[in-house]
Amino acid sequence: MQCSPPGTYRGALDVLSKIVRNEGVFALYKGATPPAVGWAAIDSVLLGSLHNYRLFFLRQGMTESHPVSGRPRLTLLGHGVAGLFAGLTSAVIATPVELLKVKLQLQSQKAVSDRQFKGPIDCARQIIQNQGIFGMWSGFTGSLAFRANFFWMFLSVEALMRGFSRLEGTPYSMTTGTANFLSGGFASFVYWGMAIPADNIKNRMMAYPYPKPYPTQHPGSVNYTLKRPSFLTVARQTFAVDGVAGFYRGLTPTILRAFPVNASALFVYEGVMRLLGAEETRH
């Protein structure tokens, strides 16, 4: 939805029906290999660096007193800034993974033999051959802008956790695990509400030159013309063609996916941190 020319699809259900009708059910899983392999590393870097940034800011005095225990805890702003830096750190790994995913998903040919990219390895090979190794980081500035919004994600998570903690002793009190689950789910709505414009720009940067075919010429060729567009160029083009609505393409399916995915992820992450006795920033 985000990268297709205007008028291609009428909405999420139209995308679903056309993909299944034209390419088959398994086309819904195009580009699944890079994230299936890469997201484990991306999330490890994101959450591992998040924890370390939290501890760093805690030691630097970005703290306040806990209202019950009186112990120093990281401020809400501290949680947000830790999320910001964790997001920026993870962009280094996330960019090539997401680049391969975007390139593979935009191929609409039903038969693999008719596609330019036969798979993620072939896609990476062609990108490196044509653009050099740094071609794998096409759209990096878009990825930085997108992942900077983890500021809102982890600020919201902490704000919600503090809100749920105030329910203790009331009929609405809940376990820490349940609070983690709900906080992750609801915080993802804040995250995507803030991040979807940058996500649109990032994906269009990575899709370039779609809908034109990816060039097959080597950089030494006379006809080689691929020049990666800048973040601001893509933003201006998006606004010129689609207006403000163009920055919010794909928001509906993203929101539908956001709650269960992020609620589950935060539930597991926070649970493991408690199990390891590594949570020192909240209490």
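The values are calculated or read from the model by the stated rules, or taken from the named source; none is laboratory data. This is a predicted model, so every value here is computed, not measured. FYI the Cβ positions are ideal-geometry reconstructions off the backbone, even for glycines, and counts take in every protein chain you see. These area figures cover heavy atoms from the full protein model, side chains too; ligands, DNA and RNA do not enter into them. Shrake-Rupley method; radii C 1.70, N 1.55, O 1.52, S 1.80 Å.
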- Criterion violated by Ala91 - all others in (1) of a type outside the set (Phe, Trp, Tyr); (2) touching a Lys or Arg at 6+ places or on another chain (Cβ under 6 Å); (3) modelled with pLDDT under 95 satisfied: (3)
- Of all helices (runs of 4 or more DSSP H) completely enclosed by the stretch 104-177, which ones contain at least 1 residues that are modelled with pLDDT of 95 or more? 140-147, 150-165
- Task: Tally the residues that are without any contact (Cβ under 8 Å) to a residue 40 or more places away in the chain and assigned to a loop (DSSP other than H, G, I, E, B), restricting the search to the stretch 54-84.
- Result: 7
- Message: Out of Met206, Met194, I need the residue that is open to solvent by 10 Å² or more (accessible area, probe 1.4 Å) and either at positive phi or part of a helix (DSSP H, G or I) (or both). Which one?
- Response: Met194
- Message: Being open to solvent by 40 Å² or more (accessible area, probe 1.4 Å) and either among the polar types (S, T, N, Q) or in contact (Cβ under 8 Å) with a residue 40 or more places away in the chain (or both) is the requirement here; does Ala145 meet it?
- Response: no
- In the stretch 233-273, which residue that is over 22 Å from Ala40 (Cα atoms) and aromatic (Phe, Trp, Tyr) is farthest from the chain's Cα centre (by Cα)? Phe239
- Query: In the stretch 223-255, what count of residues is obtained for those that are loosely packed, with under 14 Cβ neighbours inside 10 Å and touching a residue at least 24 places away in the same chain (Cβ under 8 Å)?
  - Reply: 3
- Query: Quick check, is Ser188 modelled with pLDDT of 90 or more, polar (S, T, N, Q) and within 15 Å of the chain's Cα centre (by Cα)?
  - Reply: yes
- Note on the structure: Selection over the stretch 79-137 where residues are surrounded by fewer than 19 Cβ atoms within 10 Å (Cβ to Cβ) and among the acidic types (Asp, Glu) yields a count of 2
- Message: Can you tell me how many residues within the stretch 165-191 are crowded, with 19+ Cβ neighbours inside 10 Å and free of Cβ contacts under 8 Å to residues at least 24 places away in the same chain?
- Response: 1
